[in-house]
Structures are given as C-alpha cells and as structure tokens.
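Here, each number is a calculation from the coordinates, and none is a lab measurement. Keep in mind the model is a prediction, meaning the values are calculated, not measured. We place every Cβ from the backbone using ideal geometry, glycine too, and count neighbours over all the protein chains shown.
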Amino acid sequence: MKFVAWLEVVVVIGILHSLLVRHSSVTAAGLLVIGIFAGAFGVVLIRFVEASVGSVTREGVVVERGRAGFGLLFHGPSGRFALSQFSSVRAEEASGPVDAGVYGGPHSRIYLAGRAGTPDILIARLPGVGREAGQELADALGLALWDKSVPY
C-alpha cells in the first residue's frame, strides 16, 4: 500500500512537470491514466484486504485494524474481547496451487472462532500444516480445536 501511495505522489509530480515545464498534455494524460489505475488498485487493497494486529492472553484478545500508512486502515476486526466470547480455535489447511507456473505450497490459517456477535480473528498464517500450532493454542487457551481442511 505504501508503494501505491508513493506511486501516486510520483504521478502527481510528473503530471505537474508535464503541464508546467514541458507543456505536454499528452504525457500528462498518460500519467493521469496510470494514476487512476494505481488509485483504484489502492482502494481495492484497503477495502478487501484484512489486516489486524494485537495480542492474545488467557484474559482475552486485544486486536486493532492494521495501518496501511498515511492514516489509512485496512479492513478487519478491532476491539477487546473476553476469551469467553470465542467458541474454539479453528485450523484451516489448504493445499498449494495446482496450476502450472503458479508457486506456493500447503499453508494453514489459525483463527479464534467467535460466538454470535464476535468476529472470527485470524491469529496466524503458517507454511505447511498448522494443526499442531492450532492444537497448542487451543490447549493454552482452554478451547476446543476445530480442524477444517480447505481445498485450494
């Protein structure tokens, strides 16, 4: 996201230079198109990418939305939640991509599954199989492990 923001700054400077110094409206128009596409990509990132930071203890969970820079916040849960607001730890395992030329391998996502009115909170993304990590977290917090394998 910071790259997109800096690209927008460079594009605006380029447009101003093209118009005021070089007097080239064609170059300015091309840069404007690039700026519009980069801005649209940034909006998609902010609206649909979830990112949160926080901590998990035996007393509860504190989580806040991730910052993208320049005061922008990513989509995601935020707040303080008691551990009793979660029903289980969910471990989702996914195989890697199967398309030729696409890289990646098996990976896991570990969530705290919220009860009604409490969001599910992504705790970790792990390469490989994460069932063991999910079980360790479930044991430490006194919650059940829900193992969910997800096809990619």
Query raised in the report: Counting DSSP beta bridges with both partners in the chain, what percentage is antiparallel, nearest 5?
Result: 75
Requested in this report: Mind running the shape call on the stretch 1-44? Use the C-alpha gyration tensor, a ≥ b ≥ c as the square roots of the eigenvalues: rounded below 1.5 for a/c, prolate if a/b tops b/c, oblate otherwise.
Outcome: oblate
Requested in this report: For every helix of n ≥ 4 consecutive DSSP H residues, a contribution of -39,500 (n - 2.57) applies; sum these over the chain, divide by its total residues, and give [θ] at 222 nm rounded to the nearest 500 deg cm²/dmol.
Outcome: -12000 deg cm²/dmol
Query raised in the report: What nm distance separates the two modelled labels at residue 98 and residue 33, each placed 7 Å from Cα along Cα→Cβ?
Result: 3.9
Report task. Over all directions, average the projected area of the Cα convex hull of the stretch 53-150 and note it in nm². Result -> 7.6
Report task. Quick one: among 87, 25, 108, which has the greatest mean-square fluctuation in a GNM of the chain with alpha-carbon springs under 10 angstrom? Result -> 25
Report summary line: In whole angstrom, the spacing between the Cα centers of the stretch 1-26 and the stretch 79-152 equals 43
Report summary line: FRET efficiency (residue 22, residue 144; Cβ distance; R0 41 Å; to 0.05) is 0.05
Requested in this report: Describe numerically, in nm with one decimal, the distance between label points set 7 Å from Cα along Cα→Cβ at residue 10 and at residue 49.
Outcome: 1.7
Query raised in the report: By counting other Cβ atoms within 10 Å of each Cβ, how are 111, 103 ranked from fewest to most?
Result: 103, 111
Query - Spin-label pair residue 132/residue 72, simplified geometry with 7 Å Cα→Cβ offset, distance in nm - result: 3.9
